[in-house]
Each structure stands twice: as structure tokens, then as C-alpha cells.
Amino acid sequence: MIVVARFSFPHEAHIAKANLESAGIKSFVADEYTVNTQWLYSNAIGGVRLMVSEDDLEDATEILTSDFSECLENHSEAIGEKQDICPHCGSSDLSAHTQGKRPAFLVFILLGFPLFFYKQGYQCNQCGEFSEKL
């Protein structure tokens, strides 16, 4: 086994490991438990190491240094992105909104526990209407 990449945190190494495994390259994450236990030692021990066999080193390096953003853009264009629209006026100018948050907060301050349930959804910036689902 040989080190193909080093990471500061274990979750970064596991994301890279998943990329390699999706391409059929077996890999191993080393020193993740040491870094999880004493994260200040990460730089001192060289971080979390992602290791592969020497035969797969070239392919693994190519996969880890590749930029797949163009593939994602092409995929979203092929599917055709669905744009959310307001069911009341047909506008696409929407923002995330939580309805009933202020009354619930005031009751919580006065009584010590919330009595109102609040709803999360979208508010149209054109007509001001609130929608839970689009």
C-alpha cells in the first residue's frame, strides 16, 4: 500500500475513498482514529492518509485530481432543471420562509414552551403568498 493523498480530517478522506471505490479501486484510510481522538495531532502525524495498492496509484491520482463539475452541468442540462414557481401568480422569485415563527417565539418567552406550530415553505417575493409545497 502506498499513500495517494493526505487529509486534515477523516470525513475528507472517506469522500475521496468513496470516489475511488466507485471506480473499482480498493483503498484504505489510515490514522483516522488517531486524528478523531486527538485532532490537534493531525498536522504532526501527517494527517489522515488514503492508501491504495501500488498498481492502482496512477489511476487513483487521476481520479482524485479530476474535476467532475462539467459532467454535473451536462447532466443537469440533459435532465432539464425544473424551476419552482409560485402557484398563485406564476412568479419564480421565491425565498425560503418560516411562517408562525414570531408568535411561537413570543409564547415561548412568556410561558416557557411553544404552543404554536410553525410551517416551513416558500414565500413569493412578487405577491407575498406563502406555500408549503411547490
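The values are calculated or read from the model by the stated rules, or taken from the named source; none is laboratory data. Just so we're clear, the structure is a prediction, and the values are computed from it rather than from any experiment. Every residue, glycine among them, receives a Cβ derived from its backbone with ideal geometry; neighbour counts consider all protein chains shown.
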In this structure, does Asn36 turn out to be more than 14 Å from Ile63 (Cα to Cα) and in a loop (DSSP other than H, G, I, E, B)? no
Looking at Leu57, Leu50, Leu72, which one is assigned to a helix (DSSP H, G or I) and either modelled with pLDDT of 90 or more or surrounded by 16 or more Cβ atoms within 10 Å (Cβ to Cβ) (or both)? Leu57
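Given the criteria over 18 Å from Thr61 (Cα atoms), free of Cβ contacts under 8 Å to residues at least 60 places away in the same chain and among the hydrophobic types (A, V, I, L, M, F, W, C), does Val48 qualify? Give the derivation first.
Details: over 18 Å from Thr61 (Cα atoms): no; free of Cβ contacts under 8 Å to residues at least 60 places away in the same chain: yes; among the hydrophobic types (A, V, I, L, M, F, W, C): yes.
For Val48, the condition - over 18 Å from Thr61 (Cα atoms), free of Cβ contacts under 8 Å to residues at least 60 places away in the same chain and among the hydrophobic types (A, V, I, L, M, F, W, C) - is not met.
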